[in-house]
Amino acid sequence: MIGATPTGGFYSGPGVTDGGDGATYNFDPAAAGVGTHTITYDFTDANGCAVRTTDDVEVFALPNVTFSAPADLCSEAGVQTGLGGGAPTGGVYSGPGVTDDGNGMTYSFNPAAADVGVHTITYTLTDANGCTASASDDVEVFPLPIVGFTAPADLCIDAGVQTGLGGGTPPEGTETGDLGVYSGDGVTDDGNGMTYSFDPAAAGIGVHTITYTYTDENGCTDSASDDIEVFDFPVVTFTAPGDLCIDSGVHTGLGCVLPTGGSYTGDGVTDDGNGMTYSFD
């Protein structure tokens, strides 16, 4: 720094290091400390006459800045708006997933844009003296749990209530602190985080979606779904042969049923195993 004329003198004072060239010096505000400091310039001319001049410089303190990040959250939590936590107001927020609102008070945080992991959010404030300070804090974005589910095999409407079903992963129960829940037409969750019942009659004929929703220890939730089809009864018709006498012998090649592919039973009946005909004795 150059500040005095004529050159050839010597600078001194708190935080001052004379440059040794009679013209310059260095000033370290951190070494001088906060407050008003006098810098002195001593000059002696060729006649041995000495003179001294002084001037003051003020070192301002940095603003006292504090900041607290929001609570950790899941990646699917959505954009968090109107966040603050920085003091005093008038600063700017920055960091992964952060959008400063430009009002010196609030910002938004998008966990999906920040991505999974620990992220540092910083609040920076410049005061009226042009002094800048910042404070930082971390927020963690948790990943969604990896959830899978396989529905039971398709079944007929008269199959009855199917109990103790599972198929959802992770297959954890409430005693672990994690929770899986099954839902859908005809579904009754067992409340243990692991199993459910399915009533095809309550669900009704058709294709139904069963969903397994899982919440992990971080409170993050995801789900997986699979379909099950409930089949209707087949429409079956059958006409027995005409009444006959006990000595009429064995009657073979009897049928008269729709659709084919079934089997015949009854007193005196022998099914032919072809899905179409039978004998009656």
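The values are calculated or read from the model by the stated rules, or taken from the named source; none is laboratory data. Keep in mind it's a predicted model, so treat the numbers as computed, not measured. Here Cβ is always computed from backbone atoms with ideal geometry, including for glycine, and neighbour counts include all displayed protein chains. Just so you know, the surface numbers come from the protein's heavy atoms only, side chains and all, with ligands and any DNA or RNA stripped out. Shrake-Rupley method; radii C 1.70, N 1.55, O 1.52, S 1.80 Å.
Return a yes/no flag: does the stretch 91-100 have any residue that is closer than 26 Å to residue 218 by Cβ, at pLDDT 95 or above, in a loop (DSSP other than H, G, I, E, B) and open to solvent by 50 Å² or more (accessible area, probe 1.4 Å). Write out each step before concluding.
Of the stretch 91-100, the ones closer than 26 Å to residue 218 by Cβ are 93-99.
Narrowing further to those that are at pLDDT 95 or above: 93-99.
This time we only want the ones that are in a loop (DSSP other than H, G, I, E, B), so: 95-97.
Narrowing further to those that are open to solvent by 50 Å² or more (accessible area, probe 1.4 Å): 96.
Scanning the stretch 91-100, I find at least one residue that is closer than 26 Å to residue 218 by Cβ, at pLDDT 95 or above, in a loop (DSSP other than H, G, I, E, B) and open to solvent by 50 Å² or more (accessible area, probe 1.4 Å), so the answer is yes.
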Going through (1) touching a strand residue (DSSP E or B) at 6+ places or on another chain (Cβ under 7 Å); (2) farther than 16 Å from residue 69 by Cβ; (3) not in a loop (DSSP other than H, G, I, E, B) one by one, residue 118 fails only at (2)
Which listed residue, of 139, 230, 187, is of a type outside the set (Asp, Glu), touching a strand residue (DSSP E or B) at 6+ places or on another chain (Cβ under 8 Å), under 30 Å from residue 68 (Cα atoms) and crowded, with 17+ Cβ neighbours inside 10 Å
139
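Pull up the stretch 101-125, narrow it to residues that are of a type in the set (Val, Ile, Thr) and either closer than 14 Å to residue 80 by Cβ or surrounded by 15 or more Cβ atoms within 10 Å (Cβ to Cβ) (or both), then point me to the one that is farthest from the chain's Cα centre (by Cα). Outline the logic, then answer.
Our first condition is that a residue be of a type in the set (Val, Ile, Thr); within the stretch 101-125, this holds for 106, 116, 118, 120-122, 124.
Those left that are additionally either closer than 14 Å to residue 80 by Cβ or surrounded by 15 or more Cβ atoms within 10 Å (Cβ to Cβ) (or both): 106, 121-122, 124.
Values: 106: 22, 121: 18, 122: 22, 124: 27 Å.
So the residue we want is 124.
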Some residue of the stretch 30-38 being at pLDDT 95 or above, open to solvent by less than 60 Å² (accessible area, probe 1.4 Å), among the aliphatic types (A, V, I, L, M) and more than 23 Å from residue 109 (Cβ to Cβ):
yes
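I'm checking my understanding of the structure. Among residues of the stretch 143-169 that are assigned to a strand (DSSP E or B) and among the β-branched types (Val, Ile, Thr), which one is least open to solvent (accessible area, probe 1.4 Å)?
Our first condition is that a residue be assigned to a strand (DSSP E or B); within the stretch 143-169, this holds for 148-149, 155-156, 162-165, 168-169.
Filter again for among the β-branched types (Val, Ile, Thr), leaving 163, 169.
Details: 163: 98, 169: 67 Å².
Checked the stretch 143-169; the qualifying residue least open to solvent (accessible area, probe 1.4 Å) is 169.
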Output the residues belonging to the stretch 40-81 that are open to solvent by 30 Å² or more (accessible area, probe 1.4 Å), over 30 Å from residue 130 (Cα atoms), in contact (Cβ under 8 Å) with a residue 12 or more places away in the chain and of a type in the set (A, V, I, L, M).
71, 77, 79
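Taking strands (runs of 3 or more DSSP E) that fall entirely within the stretch 8-69, which contain at least 2 residues that are of a type in the set (A, V, I, L, M, F, W, C)? Give the derivation first.
Working: elements: 10-12, 16-18, 25-27, 35-44, 50-59.
Qualifying strands (runs of 3 or more DSSP E): 35-44, 50-59.
Do you know which of the residues in the stretch 199-220 that are open to solvent by 50 Å² or more (accessible area, probe 1.4 Å) and either small (Gly, Ala, Ser) or modelled with pLDDT under 95 (or both) is farthest from residue 72 (Cα to Cα)? Don't jump to the end; show me each part of the working.
Kept after step one, since they are open to solvent by 50 Å² or more (accessible area, probe 1.4 Å), are these residues of the stretch 199-220: 201-202, 205, 207, 209, 217-218.
Restricting the remaining residues to those that are either small (Gly, Ala, Ser) or modelled with pLDDT under 95 (or both) gives 201-202, 217-218.
Values: 201: 44, 202: 42, 217: 13, 218: 9 Å.
Looking at the filtered set, the residue picked out is 201.
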(1) under 30 Å from residue 199 (Cα atoms); (2) without any contact (Cβ under 8 Å) to a residue 12 or more places away in the chain; (3) surrounded by 11 or more Cβ atoms within 10 Å (Cβ to Cβ) all hold for residue 265 apart from (3)
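Can you say whether residue 84 is open to solvent by less than 60 Å² (accessible area, probe 1.4 Å) and within 26 Å of residue 220 (Cβ to Cβ), as far as the supplied structure shows? Walk me through how you get there before you give the answer.
Values: open to solvent by less than 60 Å² (accessible area, probe 1.4 Å): yes; within 26 Å of residue 220 (Cβ to Cβ): yes.
Yes.
Is it the case that the stretch 210-220 has a residue that's in contact with a Cys (Cβ under 6 Å, 6 or more places away or on another chain) and closer than 30 Å to residue 140 by Cα?
Kept after step one, since they are in contact with a Cys (Cβ under 6 Å, 6 or more places away or on another chain), are these residues of the stretch 210-220: 220.
Next, only the ones that are closer than 30 Å to residue 140 by Cα stay: 220.
Yes, the stretch 210-220 contains at least one residue that is in contact with a Cys (Cβ under 6 Å, 6 or more places away or on another chain) and closer than 30 Å to residue 140 by Cα.
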Between residues in the stretch 145-159 that are more than 14 Å from residue 194 (Cβ to Cβ) and residues that are part of a loop (DSSP other than H, G, I, E, B) and charged (D, E, K, R), which pairs lie under 9 Å by C-beta distance while being six or more apart or on different chains?
145/178; 145/216; 156/232; 157/232
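Quick check on the stretch 212-225. Is at least one of its residues under 29 Å from residue 156 (Cβ atoms), touching a Leu at 6+ places or on another chain (Cβ under 9 Å) and in a loop (DSSP other than H, G, I, E, B)? Break it down into steps so the answer makes sense when it comes.
Taking the stretch 212-225 and keeping what is under 29 Å from residue 156 (Cβ atoms), we get 212-213, 223-225.
From what's left, touching a Leu at 6+ places or on another chain (Cβ under 9 Å): 213.
Checking the rest, the ones that are also in a loop (DSSP other than H, G, I, E, B) come to none.
Scanning the stretch 212-225, I find no residue that is under 29 Å from residue 156 (Cβ atoms), touching a Leu at 6+ places or on another chain (Cβ under 9 Å) and in a loop (DSSP other than H, G, I, E, B), so the answer is no.
Can you spot a residue in the stretch 251-260 that is surrounded by 12 or more Cβ atoms within 10 Å (Cβ to Cβ) and under 60 Å from the mean Cα position of the chain (by Cα)? Lay out the reasoning, then the answer.
Residues of the stretch 251-260 surrounded by 12 or more Cβ atoms within 10 Å (Cβ to Cβ): 251-252, 254-255, 257-258.
Going one step further and asking which of them are under 60 Å from the mean Cα position of the chain (by Cα), we end up with 257-258.
Looking for residues that are surrounded by 12 or more Cβ atoms within 10 Å (Cβ to Cβ) and under 60 Å from the mean Cα position of the chain (by Cα), one finds at least one in the stretch 251-260, hence yes.
Which of the residues belonging to the stretch 233-250 are under 54 Å from the mean Cα position of the chain (by Cα) and either touching a residue at least 60 places away in the same chain (Cβ under 8 Å) or open to solvent by less than 60 Å² (accessible area, probe 1.4 Å) (or both)?
We begin by selecting, within the stretch 233-250, every residue under 54 Å from the mean Cα position of the chain (by Cα); these are 233-236.
Once the filter is applied, which keeps residues that are under 54 Å from the mean Cα position of the chain (by Cα) and either touching a residue at least 60 places away in the same chain (Cβ under 8 Å) or open to solvent by less than 60 Å² (accessible area, probe 1.4 Å) (or both), the stretch 233-250 yields only 233.
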